[in-house]
1. For residue 142, all conditions in the list (1) open to solvent by 40 Å² or more (accessible area, probe 1.4 Å); (2) within 23 Å of residue 61 (Cα to Cα); (3) modelled with pLDDT under 95 hold save one; what is the number of the exception?
2. So which of 71, 36, 20, 113 ends up being open to solvent by 50 Å² or more (accessible area, probe 1.4 Å), hydrophobic (A, V, I, L, M, F, W, C) and either within 18 Å of the chain's Cα centre (by Cα) or modelled with pLDDT under 90 (or both)?
3. Tell me, please, whether a residue that is open to solvent by 10 Å² or more (accessible area, probe 1.4 Å) and out of contact with any Ser or Thr (no Cβ under 9 Å at 6 or more places or on another chain) can be found in segment 211-218.
4. Given the criterion part of a loop (DSSP other than H, G, I, E, B) and touching a Lys or Arg at 6+ places or on another chain (Cβ under 9 Å), identify the matching residue among 144, 198.
5. Kindly indicate which of 204, 189 is touching a Pro at 6+ places or on another chain (Cβ under 8 Å), open to solvent by 30 Å² or more (accessible area, probe 1.4 Å) and at negative phi.
6. Which residues, counting only those in segment 116-138, are open to solvent by 20 Å² or more (accessible area, probe 1.4 Å), in contact (Cβ under 8 Å) with a residue 12 or more places away in the chain, out of contact with any Ser or Thr (no Cβ under 7 Å at 6 or more places or on another chain) and more than 20 Å from residue 151 (Cβ to Cβ)?
Amino acid sequence: MQTSAFRLPVLMHRLGGTGLKTRLLHPHDAFWDHRLAIDTVGYKPDRGLHSDPDWRCHYSPTAYREIFRMLTHVQLGPRDVFVDLGCGLGRAVFAASQLGARRAIGVEIDEELADGARANQRRSRLKERDIEFACLGAEAFTPTGCTVVFIYNAFGAGTLQAVVDHLTADVARNPRDVRIVYFNPTFDTVLERSEGLTRFDHWTKPPERHPVSFWRMAPRH
């Protein structure tokens, strides 16, 4: 008998490239994908140089445990309109809807990932909720009415500045409090020098894989 042939490391190797390896290594994420009837496992490489203003980060989904903890920290609730800029296959969008957001929006520049997010929506157990996916760059998105913005270091400083400018203009037109969750805040200096933004908390790792900075934008009086 070859009882040792199916030890976990061997099984991991045999399942490599199918997504099953990732699910076995991250059972909590696999549980939530199954519960929501979606598939958000995947990876795509980054594009351009890290120093470029329009650099685009690779796609690798944030763990559900991290998403739930961050969104709970900013008290996401039934009055909130949530947006994930660089949403990939939509994991954070579905998590926000599961937590009770009134509306959840995903913005993704990669057409293949955006199509995958929409396919997830069609089969999701949350498909009757107010969820939307838009295939465009974050700098082209108009954040009308958004109250919670999630960013997982999806783009460079130039794009982030455009995001902040659009958000500032929209809050001036439609006064409200906005919370920004910036996971792996590589370009935090963009937010630091932006008038109207206040950092109200900062987490260093662990348990998250990366630091998290939390910002608030309030209407000017």
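1. Result: residue 142 passes all but (2).
2. Numbers: 71 fails: open to solvent by 50 Å² or more (accessible area, probe 1.4 Å); 36 fails: open to solvent by 50 Å² or more (accessible area, probe 1.4 Å); 113 fails: open to solvent by 50 Å² or more (accessible area, probe 1.4 Å).
20 is the lone residue from the list that is open to solvent by 50 Å² or more (accessible area, probe 1.4 Å), hydrophobic (A, V, I, L, M, F, W, C) and either within 18 Å of the chain's Cα centre (by Cα) or modelled with pLDDT under 90 (or both).
3. no
4. 144
5. On the way: 189 fails: touching a Pro at 6+ places or on another chain (Cβ under 8 Å).
Only one candidate qualifies: 204.
6. The answer is 118, 121, 123, 125, 130.
The values are calculated or read from the model by the stated rules, or taken from the named source; none is laboratory data. Since we're looking at a predicted model, the values are computed, not measured. A quick note on method: Cβ atoms are made from the backbone with ideal geometry, for glycine too, and the neighbour counts reach across all protein chains shown. Keep in mind that these areas ignore ligands, DNA and RNA; they rest on the heavy atoms of the full protein, side chains included. Shrake-Rupley method; radii C 1.70, N 1.55, O 1.52, S 1.80 Å.
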